[in-house]
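Notes follow once the structure below has been shown.
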Amino acid sequence: MRCLRSPRAIIALSFGAMWLVSTSAADPAGSAMVRAASAFVAALTAEQRTAAVFPFAADERLKWHFIPTEMFPRQGLTLKAMTDPQRARARELLKSGLSARGYLTATSIMELETVLRALETNARFARDPERYFVSVFGPPSAKGTWGWRVEGHHVSLHFTVTDGSVAAGAPTFFGTNPAEVRSGPKQGERLLGAQEDAARALLDALSTSERSAAVLSPTAPNDILTMNRVPIQPLDPAGLHAARLTLAQRDALMRVVESYTSLMAPEIAADRLSRIRKAGIEQIVFAWAGETERGRKHYYRLQGPTFLIEYDNTQDNGNHVHSVWRDFDGDFGRDLLREHVSAAH
């Protein structure tokens, strides 16, 4: 990213540099979100607020996708429509939900739009690293429930905050096209390489019989199976159950999980891992489909009682990744909010 010198690249660079003033790990993510969202909304004009702010109960809150905006029209306020000070406040909001690694991943995925613009010979899609939409649902406050979203091509992040604490941080979608940049100043960049490498290391750690149980098909599906479904339901539990794994293999499995949780703010990551361990690591099922050689089309998923990870790299001849984290009891805070209301009464 540092070798780019276009005006939009400079914008993306400033996006990454702003991490230096982020909140510390000791600052609860919910409190950071309240501050950042309040500052962001306060910086908007009345017209911009009309575009960016929705009631918490609006149907818009549950609308999401990861495809280009030409294929899925979005609402919210784009980074392009903001002034520099407003963009700075939008960045602070984005940072409040992600780790340093997650923030760099998200902003680097946005910057991949410039790579696509250079690679594509048609003008079907407007490849623009500032065509990402920020939306706030309900008034940001330390009391009550509200939420926010940052979304565009290959980035879809959703957070729900209740009484100053993060009630939900899913769905979480990251995608990369190309998965590996094969030419130009970014050659060799693999923004979601850790997610692929950890899963491939787990596959390589399996015995012949274990691999036979894990590999469901020699052909990978064309995309993640759940797409943008709301609500989310568990997929077929076929695959290799972690109860069959050795301790070393379970460690390898958890490294796959942590390649996703590590993208989130520390409190969100810790909550995800706590739920997984409470439900039982041995309950997780690992499934693979497609070829096993790097650079070939492949798909995998990890599914436990509380969560689902899907990863697919099949489009553009196996150089285009879609990955998602879904929470069965927490996507958009649906079930968690019901529990909160029940407890309050």
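Numerical summary
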item: Qualifying positions in segment 273-303 - part of a helix (DSSP H, G or I) and either within 26 Å of Asp204 (Cα to Cα) or of a type outside the set (D, E, K, R) (or both); result: Leu273, Ser274, Ile276, Arg277, Ala279, Ile281, Glu282, Gln283
item: Residues satisfying the stated conditions in segment 206-251, i.e. among the hydroxyl-bearing types (Ser, Thr, Tyr), closer than 21 Å to Val324 by Cβ and surrounded by fewer than 16 Cβ atoms within 10 Å (Cβ to Cβ); result: Ser217, Thr219
item: Output for segment 172-222, where each listed residue is within 15 Å of Ile309 (Cα to Cα) and among the basic types (Lys, Arg); result: Arg200
item: Selection within segment 149-177 - under 14 Å from the mean Cα position of the chain (by Cα), within 24 Å of Leu44 (Cβ to Cβ) and part of a strand (DSSP E or B); result: Arg149, Val150, Glu151, Gly152, Val155, Ser156, Leu157, His158, Phe159
item: Long-range neighbours under 6 Å by Cβ, at least six apart or interchain, first residue touching a residue at least 40 places away in the same chain (Cβ under 8 Å) within segment 48-66, second part of a helix (DSSP H, G or I); result: Phe54/Glu60; Leu62/Phe332
item: Only listed residue being under 19 Å from the mean Cα position of the chain (by Cα), touching a residue at least 24 places away in the same chain (Cβ under 8 Å) and over 18 Å from Glu267 (Cβ atoms), chosen from Leu112, Leu98, Leu93; result: Leu112
item: Failed criterion for Glu180 (all others in (1) surrounded by 15 or more Cβ atoms within 10 Å (Cβ to Cβ); (2) in a loop (DSSP other than H, G, I, E, B); (3) assigned by TED's automatic domain parsing to the domain that holds Ala118 hold); result: (3)
item: Residue within segment 63-74 that is surrounded by fewer than 18 Cβ atoms within 10 Å (Cβ to Cβ) and in a helix (DSSP H, G or I) present; result: no
item: Test: residue in segment 33-56 that is in contact with a His (Cβ under 9 Å, 6 or more places away or on another chain) and in the same structural domain as Trp146 (by TED's automatic domain parsing); result: no
item: In segment 238-257, the residues that are touching a residue at least 40 places away in the same chain (Cβ under 8 Å) and assigned to a helix (DSSP H, G or I); result: Ala242, Ala243, Ala248, Gln249, Ala252, Leu253, Arg255, Val256, Val257
item: Residue match in segment 6-24 (condition: hydrophobic (A, V, I, L, M, F, W, C), at pLDDT 50 or above and not in a loop (DSSP other than H, G, I, E, B)); result: no
item: Matching residues, segment 262-292, being polar (S, T, N, Q) and in contact (Cβ under 8 Å) with a residue 24 or more places away in the chain; result: Ser262, Gln283, Thr292
item: Residues being in a helix (DSSP H, G or I) and without any contact (Cβ under 8 Å) to a residue 12 or more places away in the chain - total across segment 36-47; result: 3
item: Residue count for segment 293-337, restricted to those that are more than 28 Å from Glu282 (Cβ to Cβ), free of Cβ contacts under 8 Å to residues at least 60 places away in the same chain and of a type in the set (D, E, K, R); result: 2
item: Enumeration of residues in segment 302-333 that are farther than 17 Å from Leu225 by Cα and in contact with a helix residue (DSSP H, G or I) (Cβ under 9 Å, 6 or more places away or on another chain); result: Pro305, Thr306, Asp329, Gly330, Phe332, Gly333
item: Selection from segment 132-148 of residues that are assigned to a strand (DSSP E or B), of a type outside the set (A, V, I, L, M, F, W, C) and in contact with an Asp or Glu (Cβ under 9 Å, 6 or more places away or on another chain); result: Ser135, Thr145
item: Test: residue in segment 248-265 that is farther than 15 Å from Ala198 by Cβ, modelled with pLDDT of 95 or more and not hydrophobic (A, V, I, L, M, F, W, C); result: no
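The values are calculated or read from the model by the stated rules, or taken from the named source; none is laboratory data. What you are looking at is a predicted structure, and each value in this text was computed from that prediction instead of being measured. Glycine gets a Cβ as well: all are built from the backbone with ideal geometry, and neighbour counts include every protein chain shown.
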